[in-house]
Amino acid sequence: MNIHEYQAKELLRAEGVPIPPGRVATSAAEAEAIAKELGGTVVIKAQVHTGGRGKAGGVKLAKAGEARATAEKIIGMQINGLTVHQVLVTPAADIATEAYVGIILDRASRKPVFMVSPAGGIDIEEVAHSTPEKIRKMPIDTRFGLLPYQAMELGFFLFPDDVKKARAAAKIMGQLYTAFMKNGCSLAEINPLVVTPAGDVLALDAKMTVDDNELDRHPELVALRDETAEEPSEVMARNANLTFIKLDGDVGCVVNGAGLAMATMDLVKYYGGDPANFLDIGGSSNPEKVVNALKIITSDPNVKAILFNIFGGITRTDDVANGIVTATKQNPLKVPIVIRLTGTNEEIAMKILTENGFSASSDMDEAVQKAVALAKGGKAA
Ligand code: GDP
Ligand code: MN
């Protein structure tokens, strides 16, 4: 689960990270009122779940009297396909240097890994790509946490000639680590971590991603979810208890089981197609799940063909067949559908489908090839 910058900043402030104050506004008038209260030059920042807001024009300085006009430009704008509904208004800090400090949960080492760089502010991916020597990585043993000597090592990597700044940065890294662990994060980053001309070290931007699997343990974090900032199809799927991830292709996939879903996506790619999504309807599929799955997939205008791939075990293929029949009676399909099912109650399922005008096969290769061809606008092989 992604949360907004202003929410991440609240979680980091709670651990003591020095962050300028600020409040969110949903209208230009509100932004103006906050700016007046803060006084002086402010920064108005789009609150959307994506990076690169600065480059896209979603982070702007506004002198006294300019806040309203600036907020008006930012609220409603699109950044990476997401609409800006709210802005953070915060006093502008003077910046001498910008550094990057982040923690990601690294699957390979199965540890949280610190990544820090004195070349912050811009795309850290670009720094990693062209000047990898400017990034220091450090895996953390969660039994001990970030030890003081490790924090100082990272602090000195950012500020080699300045023990005061290195100490300040080390302290912030400890606080970031605490926030990361306490809130079940898979990512927490501060970019930029700035030094002001007066020598203060401050966090000006924050990003945190909470591992969805941690949400049961953190009911207080569930309240931070902003569904208006998420992909609508993913919201729909979550509320229907389906595992769904939207992708950019045109073959809509409905599969039972995550492993088969991955294999199906691989096969779609293998035959020259592009999956429009990952969708796992789960083990015990009742017809209702299939109805919801089809609703979600057909709401994506990119989908040119739908591919069902069901391996019946606990999942009864006749349940799935009934789901397909019910769903398409409610909302007749506008795109072709290819159905592959095999396993539990296969004969019954095939009978239900053919009686209702569908054709189905039990061969996965054949079904995938057919769906790819149909998505391309060609005839099924
Ligand atoms: P991002 O582009 O989505 O990562 O948004 P950021 O919050 O990181 O802002 C992008 C850039 O705007 C930063 O790297 C800074 O250079 C600049 N910026 C953000 N806040 C301030 C501020 O308070 N004062 C000044 N002068 N620049 C700022
Ligand atoms: Mn940033």
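Using a ≥ b ≥ c from the Cα gyration tensor of the range 1-68 (square roots of the eigenvalues), is it rounded, prolate or oblate, where a/c under 1.5 gives rounded and otherwise the larger of a/b and b/c decides, a/b for prolate? In terms of gyration-tensor shape, oblate.
Spacing of the modelled spin labels on Ala223 and Ile348, each 7 Å from Cα toward Cβ, amounts to 4.7 nm.
Under 5 Å from the amide H of Gly343 lie the amide H atoms of Gly312, each residue being 5 or more positions distant or on a separate chain, with H modelled from the backbone and absent for Pro and chain starts. Using θ = phi - 60° in the Karplus curve 6.51 cos²θ - 1.76 cosθ + 1.60, the 3J(HN,Hα) couplings for the range 232-246 round to x, 5, 6, 5, 4, 5, 4, 5, 9, 6, 10, 8, 9, 9, 6 Hz; x is entered for Gly and Pro.
Leaving out ligands, DNA and RNA, what percent of the accessible area of the range 97-222 is carbon and sulfur, probe 1.4 Å? On the range 97-222, the fraction of accessible area on carbon and sulfur atoms equals 54 percent. The distance between label points at Ala92 and Glu153 comes to 4.0 nm (points 7 Å beyond Cα on the Cα→Cβ vector).
For each pair in Lys73/Lys134; Lys165/Lys207; Lys137/Lys165, compute the distance between the two Cα atoms and list the pairs where it is over 28 Å. Check vs 28 Å cut-off fails for Lys73/Lys134.
Net charge near Lys137, counting Lys/Arg +1 and Asp/Glu -1 over other residues with Cβ under 13 Å of its Cβ? Result for the neighbourhood of Lys137: 0. The range 324-369 and the range 220-278 have their alpha-carbon centroids 20 Å apart.
With a Förster radius of 25 Å applied to the C-beta separation of Gln78 and Ala33, the computed FRET efficiency comes to 0.45. For chymotrypsin sites (Phe, Trp or Tyr not before Pro), the sites in the range 129-219 that DSSP calls loop and that have at most 14 other Cβ atoms within 10 Å are Phe144.
What shape does the range 231-375 have by the C-alpha gyration tensor, where a ≥ b ≥ c are the square roots of the eigenvalues, rounded means a/c under 1.5, and otherwise prolate means a/b greater than b/c and oblate the rest? Cα axes put the range 231-375 in the rounded bin. For Cys253, the residues whose modelled amide H falls within less than 5 Å of its own, excluding neighbours fewer than 5 places apart on the same chain, are Ala276, Asn277, Leu307.
Probing with 1.4 Å while keeping every protein chain in the model, the per residue accessible area of the range 231-375 equals 44 Å². The apolar share of the surface of the range 231-375, taken as the fraction of accessible area on carbon and sulfur atoms (1.4 Å probe, ligands and nucleic acids excluded), comes to 52 percent.
If you plug the beta carbon distance of Arg167 and Arg13 into 1/(1 + (r/R0)^6) with R0 = 25 Å, you get a FRET efficiency near 0.80.
Remark: relative contact order (the chain) = 12 percent; criterion is Cα-Cα distance under 8 angstrom and separation of 6 or more residues. Annotation: per residue accessible area for the range 97-222 equals 51 Å², rounded to a whole number [probe 1.4 Å, protein chains only]. The calculated FRET efficiency for the pair Ala198 and Lys269, based on their C-beta separation and a Förster distance of 56 Å, comes to about 0.55. Can you tell me the orientation of helix 317-330 relative to the chain, as the angle in degrees between its alpha-carbon axis and the longest Cα principal axis, to the nearest 10? On a 0 to 90 degree scale, this one is about 80. The distance separating the Cα centre of the range 43-101 from that of the range 190-208 comes to 16 Å. Loop-located trypsin sites (Lys or Arg not before Pro) across the range 126-222 with a Cβ neighbour count of 15 or fewer within 10 Å are Arg143, with loop assigned by DSSP.
Here's the picture: charge each Lys and Arg Cβ at +1 and each Asp and Glu Cβ at -1 in the chain, and of Ala99, Ala69, Leu260 the one pushed furthest to the positive end of that dipole is Ala69. Distance between the pseudo-spin-label points of Lys55 and Ser130 (7 Å out from Cα toward the beta carbon): 1.1 nm.
Here the extension length gained between Asn286 and Leu187 equals 32.1 nm, from 0.36 nm per residue of separation less the Cα-Cα distance. For Asp106, put the label point 7 Å out on the Cα→Cβ axis and report which residues of the range 146-177 keep their amide N under 11 Å from it. Under cut-off, by backbone N: nothing. Subtracting the Cα-Cα distance of Leu333 and Glu66 from their residue separation scaled by 0.36 nm leaves 91.0 nm.
The values are calculated or read from the model by the stated rules, or taken from the named source; none is laboratory data. In this text, all values refer to a predicted model and were calculated from it rather than measured experimentally. Quick reminder, even Gly has a Cβ in these numbers, built from the backbone with ideal geometry, and neighbours come from all protein chains shown. All accessible areas refer to the heavy atoms of the entire protein, side chains included, with ligands and DNA or RNA removed. Shrake-Rupley method; radii C 1.70, N 1.55, O 1.52, S 1.80 Å.
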